Amino acid sequence: MKREHVSGDYDRMFIEGGHEGVYGLPYRHSCYFPLFRAVRRELAKRGARRLLEVGCGTGAFAHYILKESSMGYAGFDFSPAAVEMAVRRTERGELFRVGDAREPSSYDRPHDAIVCTEVLEHIDADRRVVSQWAPGTVCVCSVPNFDADNHVRFFPGEAEIRTRYGDLIAVEFIRQVRKPELTNISLASYVRAVRWNRYSPRRLAQILGLTSFDKGGGWFVFAGRRTDVRECGSDGDDAVVPNNRKSAQ
């Protein structure tokens, strides 16, 4: 079983990534931008007006929403380093704060929608997190189909998502979003990568996104409304729903 990382682990990760590194890239250059677009599309389809982002990271999605939509925004993260970077990126310090997704007090800002991407796969008590969300709230989340050092679980298919979260979120939609091979997806980065790998057909296919979702890896984006079911585990653990770890090993 993999150890759940603590906030200090993520502080170091974000600091080492640097303001000029992967976590400081402009949102349109980030490998997460395809995910951001898919999430925004689902929010717009459901008429979200004021969203709260659970695990805002360094603020790339927040910057995207603030620049290219009229939705209201607030976000929190349990990494102080990430929150500091989000504030620097957006110059909107009032929108961010340090918070714990497992604590009810983190959700006291007015909102009608929750965005939770790149979070649930990192937390042992993921169902406890979802159980904090108010019934009827629009929920747009993502989980990966690939494993990583800081993932305590991943999801090989849609069935595992519905099994784990279907009682807490009335899942209306699940979409596959292919993860880009490059960390920086700017045009200049792609041109450079294609030039360097023009004699390697397999690597070139990966860079150009020609591999399948299952082989190349990606995210499942799922959306729906929070039900009125409460998590019945004593501390939001895995007593109710299997953790999918067997398939992740």
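Read-outs: derived from the displayed coordinates by stated rules, not from any lab. Predicted model, so just to flag it, every value in this text is computed and none were measured. Cβ coordinates were reconstructed from backbone atoms using ideal geometry, including for glycine residues, and neighbour counts include every protein chain displayed.
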Report, by chain and number, residues whose modeled amide H sits under 5 Å from the one on Gly72, excluding near sequence neighbours (fewer than 5 apart, same chain).
Arg50, Leu51
Can you run phi through the Karplus equation (6.51, -1.76, 1.60; θ = phi - 60°) for region 113-124 and list ³J(HN,Hα) in whole Hz, with x for Gly and Pro?
8, 10, 10, 9, 10, 6, 10, 4, 6, 9, 10, 4
Near the amide H of Val171, under 5 Å away, which other amide H atoms are found, from residues 5 or more places off or on another chain, if H is placed in the peptide plane?
none
Which angle between 0 and 90 degrees, to the nearest 10, do you get for helix 7-17 versus the longest principal axis of the chain when only C-alpha atoms count?
20 degrees
Structure-based [θ]222 nm, the chain - -39500 (n - 2.57) summed over DSSP H runs of at least 4, per residue, nearest 500
-9000 deg cm²/dmol
The chain: antiparallel bridges as % of DSSP beta bridges, rounded to 5, reads 55 percent
Can you give the extra length, in nm with one decimal, that the chain gains between Ala205 and Ser7 once fully stretched, where that is 0.36 nm per residue apart less the Cα-Cα distance?
67.7 nm
Please get the size of the charge dipole for the chain, origin at its Cα centre, with Cβ charges of +1 on Lys and Arg and -1 on Asp and Glu, quoted in debye to the nearest 20.
1200 debye
On a 26 Å Cα-Cα criterion, which of the cross-link pairs Lys2/Lys67; Lys2/Lys215; Lys67/Lys215 come out too long?
Lys2/Lys67; Lys67/Lys215
